[in-house]
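Participant: Mind looking over this structure? Questions follow.
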Amino acid sequence: MGNIKKFLIFFLLILLCGGCGTQASSKSDGAQPAGEEVKVNPRLAAEIKEAAQTVQGVSASTSVVVDKNISTAIKVRGLQRLRLESIKKEVHNKIKEKAPQDYQVYLTADKKLFQQLQLIEKQITEEREKIAPDLAQKVRKINDVM
């Protein structure tokens, strides 16, 4: 019985020591330096949004252009989801036709990412002039998931 108590006390001490250790956290999300301005292109985003909606099977789309990255999300409903890959390929080709050569295209049909991009698009259209750096960081995180 004494050995079990010693073992439990020893085990609890190890847990306490391990739990009290400090943890170094470095936030390097690839954020831009404070002096660098984030550029948005709402006109190109609107053109891409319209082009995506012309593809048969796409019920809605949203698009954001930040710096030289085009982030687009589409909604495909019902039985059309069976041809999701071909719809995404067609939308991607239409975006490439509209976009300048040096722009990177990101495309998703994920519902959660669609909502997030839609919120960012709304914030950009309300602000008009320039995007807040935290919004640009959110777009980068969404692009990483795509």
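Participant: Might you let me know whether region 38-59 holds any residue that is part of a strand (DSSP E or B), under 18 Å from the mean Cα position of the chain (by Cα) and either at pLDDT below 95 or not small (Gly, Ala, Ser) (or both)? Step through it out loud before you land on a result.
Facilitator: The first filter runs over region 38-59 and keeps only residues part of a strand (DSSP E or B), leaving 40, 58-59.
Pick out the ones that are also under 18 Å from the mean Cα position of the chain (by Cα) and you get 40.
Now drop any that are not either at pLDDT below 95 or not small (Gly, Ala, Ser) (or both), which leaves 40.
Within region 38-59 (the criterion being part of a strand (DSSP E or B), under 18 Å from the mean Cα position of the chain (by Cα) and either at pLDDT below 95 or not small (Gly, Ala, Ser) (or both)), the answer is yes, since at least one residue qualifies.
Per-residue answers, yes or no, for (1) part of a helix (DSSP H, G or I); (2) at pLDDT 95 or above; (3) within 18 Å of Tyr106 (Cα to Cα):
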{"site": "Phe10", "(1), (2), (3)": "yes, no, no"}
{"site": "Cys17", "(1), (2), (3)": "yes, no, no"}
{"site": "Gly30", "(1), (2), (3)": "no, no, yes"}
{"site": "Pro33", "(1), (2), (3)": "no, no, no"}
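Participant: Considering only residues that are of a type in the set (Lys, Arg) and closer than 10 Å to Val55 by Cβ, which ones fall in region 90-112? It would help to see each step written out before you state the result.
Facilitator: Of the residues in region 90-112, the ones of a type in the set (Lys, Arg) are 94, 96, 98, 111-112.
Passing the criteria: only Lys94.
Participant: Another question about this same structure. Taking the condition of being assigned to a helix (DSSP H, G or I) and either among the polar types (S, T, N, Q) or free of Cβ contacts under 8 Å to residues at least 24 places away in the same chain (or both), how many residues in region 113-134 meet it?
Facilitator: Within region 113-134, the subset assigned to a helix (DSSP H, G or I) is 113-127, 133-134.
Pick out the ones that are also either among the polar types (S, T, N, Q) or free of Cβ contacts under 8 Å to residues at least 24 places away in the same chain (or both) and you get 115-116, 118-119, 122-123, 125-127, 134.
Total satisfying the criteria: 10.
Participant: What number of residues within region 56-66 are on the phi < 0 side of the Ramachandran plot, touching a Lys or Arg at 6+ places or on another chain (Cβ under 9 Å) and surrounded by 14 or more Cβ atoms within 10 Å (Cβ to Cβ)?
Facilitator: Residues that pass the stated criteria total 7.
Participant: Suppose we keep only residues that are part of a strand (DSSP E or B) and of a type in the set (S, T, N, Q) within region 67-112. Which one would you say is surrounded by the fewest Cβ atoms within 10 Å (Cβ to Cβ)? First the steps, then the outcome.
Facilitator: Residues of region 67-112 that are part of a strand (DSSP E or B), as a first pass: 69-76, 104-108.
Next, from what is left, pick out any that are of a type in the set (S, T, N, Q): 69, 71-72, 104, 108.
On the way: Asn69: 16, Ser71: 26, Thr72: 28, Gln104: 11, Thr108: 18.
The selected residue is Gln104.
Participant: For region 124-146, what are the residues that are within 12 Å of Val64 (Cα to Cα) and either surrounded by 14 or more Cβ atoms within 10 Å (Cβ to Cβ) or charged (D, E, K, R) (or both)?
Facilitator: Answer for region 124-146, where residues must be within 12 Å of Val64 (Cα to Cα) and either surrounded by 14 or more Cβ atoms within 10 Å (Cβ to Cβ) or charged (D, E, K, R) (or both): Ile124, Ile131, Leu135, Ala136, Lys138, Val139, Arg140, Ile142, Asn143.
The values are calculated or read from the model by the stated rules, or taken from the named source; none is laboratory data. Only a predicted model underlies this, so the values are computations on that prediction, with no experimental measurement involved. Because the Cβ atoms are built from the backbone with ideal geometry, glycine has one as well, and the counts that use them run over all protein chains shown.
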